[in-house]
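The values are calculated or read from the model by the stated rules, or taken from the named source; none is laboratory data. Keep in mind that this is a model prediction, so the values were computed, not measured. FYI the Cβ positions are ideal-geometry reconstructions off the backbone, even for glycines, and counts take in every protein chain you see. To get the accessible areas, we keep the full protein, side chains included, count just its heavy atoms, and leave off ligands, DNA and RNA. Shrake-Rupley method; radii C 1.70, N 1.55, O 1.52, S 1.80 Å.
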Amino acid sequence: MEELINRLKSGTYTKDDLVSALNIPDEEKFMPLFNLSEQICEEYFGKGVFIRGIIEYSNKCRKNCNYCGIRRGNEKVLRYLIKPEEIYKVAEKLKAQGVMTLVLQGGEDAESDPMLLDVIKQIRTKYEMAITISIGERPFEVYKQFKEAGADRFLLRIETTNPVLFKALHPDDDLEYRKKCLLWLKELGYQVGTGIMTGLPGQTMEMIAGDLLYFKELQPAMLGIGPFLPHEDTPLGNEKPKELFLTLKVLALIRIMLKNVNLPATTAMGTLDKDGRKKAMMYGANVFMPNYTPAPYRESYLLYDNKICVKEDCSNLCAGGIIKSAGKFVAQGRGDYKSF
Ligand code: SAM
Ligand code: SF4
């Protein structure tokens with residue numbers, strides 16, 4: 001174990017080392033790696049956690065990802081597109097609460113791009129806040145338009161880098177094209193976020209180790225890691241989620257490997273385990289993303305069963321309580337990625 005930790009610390013690890021670390025069977029044995037992850041997190045971010053307010057602006061989607069509750073094939077979903085005025089209201093609320101990042105996330109709803117472009121331009125001129133978009137795959141030219149409109153960051157998870165698993169999950173997508181999208185986004189100057197789901201049906205520790213090596217090469221600004229959770233109206237509805245421990249191991253290894261990357265404590269972690277986000281912030285996460293989607297729409301953005309923060313009134317206060325319980329505090333500022 002000591003040798004493994006030393007190789008991880010010095011960056012001389014192999015893929016087999018990553019597999020061995022992922023296979024560590026209990027939290028007690030993994031604790032030295034959790035401690036190392038948190039130590040590195042504090043070296044770069046202190047005990048501060050950045051809050052990013054997320055609005056799920058549209059649940060219309062042209063894709064049919066097999067895990068996702070708002071996939072186009074789910075006819076039970078009541079589809080919506082939030083009006084610009086409702087987004088501006090949330091921006092005002094964020095400003096009043098001192099939250100400096102607005103995340104606009106939606107299904108792959110390219111028809112709403114003109115509206116979204118306009119919203120981004122308006123927010124850019126009126127507010128200081130950073131704008132993150134998470135809208136799926138688009139051609140290079142469209143990503144460029146969004147950048148020029150004022151988007152600062154882009155979140156597009158690779159989900160898995162294993163070609164066989166990727167194909168099994170994504171009937172409409174091509175892994176190589178998604179990788180190309182991520183390179184385009186970098187080229188355009190976005191702070192790029194990507195990530196995976198952990199505990200996917202058919203996913204092995206070797207596959208996750210491959211994902212980690214891909215992250216090391218890509219050097220993203222942010223990595224969103226969340227457990228796969230089943231949604232009853234999808235083809236994977238009968239699958240069982242894996243325990244949170246696997247997600248926490250992946251999070252800690254990322255912190256150890258990529259040091260200064262922004263790592264959120266995700267809603268899916270909090271859904272799988274009521275203390276999931278707290279534990280993530282104790283073991284290396286430095287970002288928290290409360291849900292600012294206006295109440296009536298939240299019920300229609302159910303990516304998985306039993307999603308939290310749907311009925312609750314989420315705000316910086318709720319986030320602040322969970323952050324405090326992890327022994328941390330709310331950091332001020334936009335929390336832009338800094339390369340060292
Ligand atoms: N449509 C955009 C995209 O796919 O990039 C953004 C929205 S999509 C709902 C955001 C993320 O939700 C996906 O990257 C995926 O990892 C996550 N997600 C979807 N279904 C999930 C599930 N059943 N369990 C856990 N995470 C899920
Ligand atoms: Fe659509 Fe994104 Fe869900 Fe895939 S993950 S079905 S692209 S919202």
* To do: Quick one: count up the residues across segment 15-57 that are surrounded by 21 or more Cβ atoms within 10 Å (Cβ to Cβ) and outside any helix (DSSP H, G or I).
  => 9
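Within segment 109-128, how many residues are of a type in the set (D, E) and open to solvent by less than 20 Å² (accessible area, probe 1.4 Å)? Before you say what the answer is, go through the steps one by one.
To start, the set of residues in segment 109-128 that are of a type in the set (D, E) comprises 109, 111, 113, 118, 128.
Applying the additional criterion that residues be open to solvent by less than 20 Å² (accessible area, probe 1.4 Å) yields 109, 113.
Number of matching residues: 2.
Residue-wise test of (1) touching a residue at least 24 places away in the same chain (Cβ under 8 Å); (2) of a type outside the set (F, W, Y); (3) part of a loop (DSSP other than H, G, I, E, B).
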| position | (1), (2), (3) |
| --- | --- |
| V103 | yes, yes, no |
| D113 | yes, yes, no |
| L116 | yes, yes, no |
| R124 | yes, yes, no |
| F146 | yes, no, no |
| E176 | no, yes, no |
| V192 | yes, yes, no |
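Which residues, taken from segment 128-143, are modelled with pLDDT of 95 or more and either closer than 15 Å to L94 by Cβ or away from ligand 2 (no atom under 16 Å from the Cβ) (or both)? First the steps, then the outcome.
Within segment 128-143, the subset modelled with pLDDT of 95 or more is 129-143.
Selection gives M129, A130, I131, T132, F140, E141.
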* All positions within segment 269-286 that are open to solvent by less than 10 Å² (accessible area, probe 1.4 Å) and in contact with a Phe, Trp or Tyr (Cβ under 8 Å, 6 or more places away or on another chain) -> M281, G284, N286
* **Positions within segment 180-204 being surrounded by 16 or more Cβ atoms within 10 Å (Cβ to Cβ), aliphatic (A, V, I, L, M) and touching a Leu at 6+ places or on another chain (Cβ under 9 Å), in sequence order** => L182, L185, V192, I196, M197, L200
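Out of the residues in segment 129-165 meeting the condition of being within 20 Å of the chain's Cα centre (by Cα) and basic (K, R), tell me which one is farthest from L175 (Cα to Cα).
So the first thing to find is which residues in segment 129-165 are within 20 Å of the chain's Cα centre (by Cα), and the list is 129-138, 143, 146-147, 151-162, 165.
Of the ones still in play, those that are also basic (K, R) are 138, 147, 153, 157.
Working: R138: 14, K147: 23, R153: 21, R157: 11 Å.
Among those residues, the one meeting the criterion is K147.
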* Contacts under 7 angstrom Cβ, first residue in segment 19-35 being under 16 Å from A209 (Cα atoms), partner open to solvent by less than 60 Å² (accessible area, probe 1.4 Å) and of a type in the set (F, W, Y), 6 or more apart -> I24/F30
* To do: State the number of residues belonging to segment 301-329 that are farther than 15 Å from G53 by Cα and either open to solvent by less than 20 Å² (accessible area, probe 1.4 Å) or aromatic (F, W, Y) (or both).
  => 5
* Mind checking which residues of segment 269-286 are more than 15 Å from ligand 1 (Cβ to nearest atom) and either part of a helix (DSSP H, G or I) or touching a strand residue (DSSP E or B) at 6+ places or on another chain (Cβ under 8 Å) (or both)? -> K278, K279, M281, M282, A285, N286
* Structure fact -> Scanning segment 81-107 for residues that are open to solvent by 20 Å² or more (accessible area, probe 1.4 Å) and closer than 29 Å to D305 by Cβ, the one nearest to ligand 1 (Cβ to nearest atom) turns out to be Q105
* Asked: Which residue pairs have Cβ atoms closer than 8 Å, lie 6 or more positions apart in sequence or on different chains, and pair a first residue in segment 317-340 that is in a helix (DSSP H, G or I) with a second residue that is open to solvent by 60 Å² or more (accessible area, probe 1.4 Å) and at pLDDT below 90?
  -> C318/E312
* To do: Determine, yes or no, whether G210 is small (G, A, S), modelled with pLDDT of 95 or more and surrounded by fewer than 16 Cβ atoms within 10 Å (Cβ to Cβ).
  => no
* Residues of segment 166-179 being open to solvent by 10 Å² or more (accessible area, probe 1.4 Å) and either in contact with a Phe, Trp or Tyr (Cβ under 9 Å, 6 or more places away or on another chain) or of a type in the set (G, A, S) (or both), which ones? -> A168, D174, L175, R178, K179
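Which of the residues spanning segment 129-139 are open to solvent by 10 Å² or more (accessible area, probe 1.4 Å), in contact with a helix residue (DSSP H, G or I) (Cβ under 9 Å, 6 or more places away or on another chain) and touching a residue at least 60 places away in the same chain (Cβ under 8 Å)? Lay out the reasoning, then the answer.
We begin by selecting, within segment 129-139, every residue open to solvent by 10 Å² or more (accessible area, probe 1.4 Å); these are 132, 134, 136-137, 139.
With in contact with a helix residue (DSSP H, G or I) (Cβ under 9 Å, 6 or more places away or on another chain) added as a condition, the list becomes 136-137, 139.
Selection gives G136 alone.
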